[in-house]
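Could you have a look at this structure, given as structure tokens, before my questions?
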Amino acid sequence: MSEIRPLIAGNWKMNGGRREGLKQAGQMARQAARRKGAAAEILICPPAILVPVLRDALAAGAIAIGAQDCHAAAAGAHTGEQSAEMLADAGCSHVIVGHSERRADQGESDAAVRAKAEAAHRAGLTAIVCVGETRAERRRGQALDVVARQLSRSVPKGAAAANTVVAYEPVWAIGTGLVPTVDDVAEMHAMMRARLARRFRAEGRGMRLLYGGSVNAGNAAALLGVAHVNGALVGGASLTAKAFMPIVKAAG
Ligand code: PEP
């Protein structure tokens, strides 16, 4: 959907200390500030502990800051967790929920992901809801069914274009250097768009759909040129300004 403003989001995962984070955030901000009239919105999701450290540096380049996960509850006895309200209070505008690493490592179900997305909405954050099939599921021809199921179970009732982004991230493409064909991405994104439009009407037609999985400067333009791809969720290539900013540029 050409009228949807693209979003290029970086997921730093459990990488980047204070010093290196500040250096890279500063470089990204300086380069972003020079982009006059640029189309793409930029977001960096560092480890939660670095959010207060990097917030102002990124803001200097109008780069938004987000988190990689949140708890479903607003507060309480949940040792080691952060609520969506706390993330909003720290300056986050977005939170990733249901990343496949958390679905695999923490056993997060679609219901748990949906509860986290609802928590994000409650706190005024935009939820970036991740979905994606495994390599075995794609080989068995189940990719579309798996993603359709995740989509309907993980995206909550109150989802709208302003508070929800969906990221299609094939598990087998994350951190591997493998990417689906543009035809496969097009097929998946068309399916997601059709389902979201059916469920959420105009809001579903306006929701951003990101592609994620081994996006880099070399393949970004082709992936971002696919119909219904409204941006990218970038892992490894978001860790440095040198690798990340050409992807931002490819989005316009
Ligand atoms: C991710 O973890 O969301 C991701 C897309 O990682 P990478 O770009 O490194 O494949």
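Using only alpha-carbon positions, what ratio does the radius of gyration of the stretch 1-103 give when scaled by 2.2 N^0.38 Å? Could you put the intermediate results ahead of the total?
Values: Rg = 14.4 Å, N = 103, 2.2 N^0.38 = 12.8 Å.
Taking the Cα Rg and dividing by 2.2 N^0.38 Å, one obtains 1.12.
Oh, and also: How long is the gain from Ala148 to Arg5 if the chain were fully straight, where each residue apart is worth 0.36 nm and the alpha carbon distance is subtracted? Before the final figure, lay out each step's value.
Values: separation 143, 0.36 × 143 = 51.48 nm, distance 2.39 nm.
Length gained, Ala148 through Arg5: 49.1 nm.
What is the gain in length, in nm to one decimal, between Asp56 and Arg198 on full extension, counting 0.36 nm per residue of separation less the C-alpha to C-alpha distance?
47.2 nm
Taking the chain as a Gaussian network, where each spring joins two C-alpha atoms under 10 Å apart, which residue of Thr79, Thr134, Thr164 fluctuates the most?
Greatest mean-square fluctuation among the candidates belongs to Thr79.
Once the cut-off is 28 Å, how many percent of the Cα-Cα pairs in the chain end up in the long-distance tail?
Values: 8145 of 31626 pairs.
Counting every Cα pair in the chain, those more than 28 Å apart make up 26 percent.
Still on this structure: With springs connecting C-alpha atoms under 10 Å apart, model the chain as a Gaussian network and identify which of Ala222, Ala167, Ala59 has the largest mean-square fluctuation.
Comparing Ala222, Ala167, Ala59 in a Gaussian network model of the chain, the most mobile one is Ala222.
Top mean-square fluctuation among Arg30, Arg201, Arg140, Gaussian network model of the chain, C-alpha springs under 10 Å?
Highest fluctuation of the listed residues: Arg140.
Placing unit charges on C-beta atoms (Lys and Arg positive, Asp and Glu negative, everything else neutral), compute the dipole magnitude of the chain about its Cα centre in debye, rounded to 20.
Working: 31 positive and 21 negative charges, 100 e Å.
For the chain, the charge dipole is close to 480 debye.
Treat every Asp and Glu Cβ in the stretch 155-212 as -1 and every Lys and Arg Cβ as +1, leave all other atoms uncharged, and give the resulting dipole magnitude about the Cα centre to the nearest 20 debye.
The dipole of the stretch 155-212 has a size of about 460 debye.
Once you sort the root eigenvalues of the Cα gyration tensor of the stretch 136-252 as a ≥ b ≥ c, which label holds: rounded (a/c under 1.5), prolate (a/b larger than b/c) or oblate (the other case)?
Values: a/c = 1.95, a/b = 1.33, b/c = 1.46.
Taking the square roots of the gyration eigenvalues as a ≥ b ≥ c, the stretch 136-252 is oblate.
Pairs of lysines 8 or more apart, or on different chains, with alpha carbons under 22 Å: count those in the chain, would you? Numbers along the way, then the final one.
Values: Lys13/Lys23; Lys13/Lys116; Lys13/Lys242; Lys23/Lys242; Lys23/Lys249; Lys36/Lys242; Lys36/Lys249; Lys116/Lys157.
Lysine pairs satisfying the spacing and distance rule in the chain number 8.
Oh, and also: Could you check the spin-label model distance between Ala104 and Glu81? Points 7 Å from the Cα along Cα→Cβ, value in nm.
2.4 nm
Only the coordinates and a few stated rules stand behind these numbers; no lab work does. Just so it is clear, the structure is predicted and the values come from calculations on it, not from any experiment. Cβ atoms come from the backbone with ideal geometry, glycine included; neighbour counts cover every protein chain shown.
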